[in-house]
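For reference, the structure discussed in these notes is given below.
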Amino acid sequence: MRIITVFVITIFFISGINLQAQFYWPRIEPISVLENGTDLAYPLGGGMNNPQFSPIDVDKDGFDDLFIFDRSNAHVNIFTNDGIVGEVAYTHAPEYAAAFPIMSDWALLKDYNIDGLPDIFTYHNGGFRVFKAIEGADGELGFELAKEGLLYEGFSGIIGIFVSSVDIP
């Protein structure tokens, strides 16, 4: 009986090595999806659950592009402005997302040091941190940690500025 139990358990583990919990479905790009006769630009681009929007000129063409931070999965999406006067037209540009640091819960782009580049304010450990925008030698946008946890002098001494993870300051 013991030999049979060991044999069954061994077969179970050996056969389970190639099992997968999820299946991979290949992405098929050139599918045309129409809405009221109009071809949709990004019909299979996925959805956004809790997007936060900030303007940024990532491609240095003088037009504000669109930074989108989805707080539900900490995902960054960048859409470049096509620069067509009188028309709202954006192109998805995922290659710019790699320049952004890892962020969580909320993210806002504001130029705090007035250098013309939007810096990042994002949640971190009951407060927030600031990433300063930098321009590399090749002209590409990057970010470096400028400050983690800002302090102020309160009635009981120097304390950290509290910002909730579920709120946007």
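At-a-glance table
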read-out: Which listed residue is under 22 Å from Ile168 (Cβ atoms) and either part of a loop (DSSP other than H, G, I, E, B) or out of contact with any His (no Cβ under 8 Å at 6 or more places or on another chain) (or both), from Pro43, Pro55; value: Pro55
read-out: Matching entry among Ile134, Ile168, Ile114, Ile102 (being touching a residue at least 40 places away in the same chain (Cβ under 8 Å) and open to solvent by 40 Å² or more (accessible area, probe 1.4 Å)); value: Ile168
read-out: Flag if Ile68 is of a type in the set (A, V, I, L, M), assigned to a strand (DSSP E or B) and in contact with a helix residue (DSSP H, G or I) (Cβ under 7 Å, 6 or more places away or on another chain); value: no
read-out: Residues being open to solvent by less than 50 Å² (accessible area, probe 1.4 Å), outside any strand (DSSP E or B) and either polar (S, T, N, Q) or touching a helix residue (DSSP H, G or I) at 6+ places or on another chain (Cβ under 7 Å) (or both) - total across the range 137-165; value: 2
read-out: Cβ-Cβ under 8 Å pairs, at least 6 apart or on other chains, the range 51-67 side aliphatic (A, V, I, L, M), far side not in a strand (DSSP E or B); value: Ile56/Asp64; Ile56/Pro118; Val58/Ala93; Val58/Tyr96; Val58/Ala99
read-out: The range 57-87: number of residues that are farther than 14 Å from Gly47 by Cα and among the small types (Gly, Ala, Ser); value: 3
read-out: Hits in the range 71-86 - residues which are assigned to a strand (DSSP E or B) and surrounded by fewer than 18 Cβ atoms within 10 Å (Cβ to Cβ); value: His75
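The values are calculated or read from the model by the stated rules, or taken from the named source; none is laboratory data. Here the structure is a predicted model, which means the values were calculated and not measured. All Cβ positions, even for glycine, are placed from backbone atoms using ideal geometry, and neighbour counts span all protein chains on display. Just the protein is used for accessible areas: all its heavy atoms, side chains included, with ligands, DNA and RNA removed. Shrake-Rupley method; radii C 1.70, N 1.55, O 1.52, S 1.80 Å.
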